[in-house]
């Protein structure tokens, strides 16, 4: 059973971006595995391990209830039904827990696959790399960026393994692939979030680094960024210049640019929230009211901000439960940033990166308005917390083709 659980864990990280609804097979498999010897799994599941699952389920139930209140039961169900399986997923992950090799190889393959797919699209002449199906460039690029950063976070674990060189190369490749996919997608919102994300690495690893190492690391980041900007084929120059041009034109009074549309959406959302702060308007109601007030906003189907979107469509209960979903991982994983155990530290850095990244991405786009956004956040949270609880610092024998024998701390 641990082998099947490992496959599901690997799948949820490795194939979420390359395939439409790539998370769905992993969710189904874990839910079915929870039915195998459920009594033993319930005994193995610690009470503290249930907190993320309970909050995820509460999130789904509140959003469904508010959707039904506004007559949007169908769309709300389609968006959040995976949240109702959070507890079965946690049960499946509780015992027997697969080797960490499944987790980190999945993260690395996800980063590599994202970079490869983005490169293929650019070579084919696409202006911006994006995912398959409904996975637009913003979703694809920002989730790939998060995957890449998680690969770098996993290097602490990799360097403690017997096969540290192989694991290090694999995770570095995944990190570079994720960053490359982000660059090729042209997602400026993700790049703006980096100042929020890089301090997480400092909180986890910076206290052991010398001043020379910190300066060298910062210099390397700057050099890589300048190099990526200098290469026209990455498209970074065009995207940044376009964005700065829009801002300049907006400040000059022009209201037909993209920046103006975002500001109008945010302004209108705040007006709608003020009118109905407790219950909100519902998805359809908010869109209709925005379009009525500003016909130019008809083509925008969400508020381009997760907190505003949650509040304007699902009222105060909807935004409060979303805030709880953001804050819970910070409360759970933050203590592990100073852990001496490299496995727990790597998991903790990823666990803190997750809400910080989604909060940052959600400042200029509504990630939680898409099933892939909810599946990525909630699924990755449950997996990370399951491993953090188990503190599996040794790879189990025979559980993964990448972990031939147990490794030391």
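Tell me, please, whether a residue that is part of a loop (DSSP other than H, G, I, E, B), modelled with pLDDT of 90 or more, over 14 Å from the mean Cα position of the chain (by Cα) and surrounded by fewer than 19 Cβ atoms within 10 Å (Cβ to Cβ) can be found in segment 142-157. Talk me through it step by step, then tell me what you get.
Let us first name the residues in segment 142-157 that are part of a loop (DSSP other than H, G, I, E, B), namely 154.
Okay, now just the ones that are also modelled with pLDDT of 90 or more, so 154.
Of the ones still in play, those that are also over 14 Å from the mean Cα position of the chain (by Cα) are 154.
With surrounded by fewer than 19 Cβ atoms within 10 Å (Cβ to Cβ) added as a condition, the list becomes none.
No, every residue in segment 142-157 fails to be part of a loop (DSSP other than H, G, I, E, B), modelled with pLDDT of 90 or more, over 14 Å from the mean Cα position of the chain (by Cα) and surrounded by fewer than 19 Cβ atoms within 10 Å (Cβ to Cβ).
Residue pairs whose Cβ atoms lie under 6 Å apart, sitting 6 or more positions apart in sequence or on different chains, and linking a residue in segment 127-141 that is farther than 16 Å from residue 367 by Cα to a partner that is surrounded by 23 or more Cβ atoms within 10 Å (Cβ to Cβ), are 128/185; 128/186; 129/118; 129/184; 129/185. Scanning segment 43-69 for residues that are buried (at least 20 other Cβ atoms within 10 Å of the Cβ) and more than 18 Å from residue 385 (Cβ to Cβ) returns 62, 63, 64, 66, 67. May I ask you to verify whether residue 108 is crowded, with 23+ Cβ neighbours inside 10 Å, more than 30 Å from residue 319 (Cβ to Cβ) and in contact with a strand residue (DSSP E or B) (Cβ under 8 Å, 6 or more places away or on another chain)? Spelling it out, it is not the case that residue 108 is crowded, with 23+ Cβ neighbours inside 10 Å, more than 30 Å from residue 319 (Cβ to Cβ) and in contact with a strand residue (DSSP E or B) (Cβ under 8 Å, 6 or more places away or on another chain). When you look at residue 363, is it within 15 Å of the chain's Cα centre (by Cα), assigned to a loop (DSSP other than H, G, I, E, B) and either within 20 Å of residue 149 (Cα to Cα) or modelled with pLDDT of 95 or more (or both), yes or no? Taking the combined requirement at face value, the residue satisfies it.
Can you tell me which residues in segment 96-131 are assigned to a loop (DSSP other than H, G, I, E, B) and either under 19 Å from the mean Cα position of the chain (by Cα) or more than 14 Å from residue 167 (Cβ to Cβ) (or both)?
Start the filter on segment 96-131 by keeping residues that are assigned to a loop (DSSP other than H, G, I, E, B), which leaves 96-99, 124-131.
Correct list: 96, 97, 98, 124, 125, 126, 127, 128, 129, 130, 131.
Filtering segment 267-281 to residues that are in contact with a helix residue (DSSP H, G or I) (Cβ under 6 Å, 6 or more places away or on another chain) and either part of a helix (DSSP H, G or I) or within 15 Å of residue 302 (Cα to Cα) (or both) leaves 268, 269, 272, 273, 280, 281. Show the residue pairs meeting these rules: Cβ distance below 6 Å; 6+ apart or different chains; first residue within segment 320-343 and buried (at least 20 other Cβ atoms within 10 Å of the Cβ); second residue assigned to a loop (DSSP other than H, G, I, E, B) and modelled with pLDDT under 95. Here the result reads 343/393, each pair linking segment 320-343 to a residue that is assigned to a loop (DSSP other than H, G, I, E, B) and modelled with pLDDT under 95. Pairs, please: C-beta under 7 Å, at least 6 apart or cross-chain, first residue within 18 Å of residue 96 (Cα to Cα) and in segment 8-27, second in a loop (DSSP other than H, G, I, E, B) and at pLDDT below 90? From residues that are within 18 Å of residue 96 (Cα to Cα), the pairs are 9/98.
Of all the criteria given as (1) surrounded by 21 or more Cβ atoms within 10 Å (Cβ to Cβ); (2) over 24 Å from residue 356 (Cβ atoms); (3) at pLDDT below 90, the one not satisfied by residue 131 is (2).
What number of residues within segment 181-192 satisfy the criterion of being in a helix (DSSP H, G or I) and buried (at least 24 other Cβ atoms within 10 Å of the Cβ)? I'd like the intermediate steps shown before the answer.
Narrowing segment 181-192 to residues in a helix (DSSP H, G or I): 181-185, 188-192.
Next, only the ones that are buried (at least 24 other Cβ atoms within 10 Å of the Cβ) stay: 181-185, 190.
Residues in segment 181-192 being in a helix (DSSP H, G or I) and buried (at least 24 other Cβ atoms within 10 Å of the Cβ): 6 in total.
Condition test on residue 255, is it at pLDDT below 95, within 24 Å of residue 374 (Cβ to Cβ), loosely packed, with under 14 Cβ neighbours inside 10 Å and more than 24 Å from the chain's Cα centre (by Cα)? Taking the combined requirement at face value, the residue does not satisfy it.
Determine if segment 87-99 includes at least one residue that is in contact with a strand residue (DSSP E or B) (Cβ under 9 Å, 6 or more places away or on another chain) and modelled with pLDDT under 95.
Kept after step one, since they are in contact with a strand residue (DSSP E or B) (Cβ under 9 Å, 6 or more places away or on another chain), are these residues of segment 87-99: 98-99.
Adding the requirement that they be modelled with pLDDT under 95 leaves 98-99.
Yes, segment 87-99 has at least one match.
The values are calculated or read from the model by the stated rules, or taken from the named source; none is laboratory data. This is a predicted model, so every value here is computed, not measured. Glycine gets a Cβ as well: all are built from the backbone with ideal geometry, and neighbour counts include every protein chain shown.
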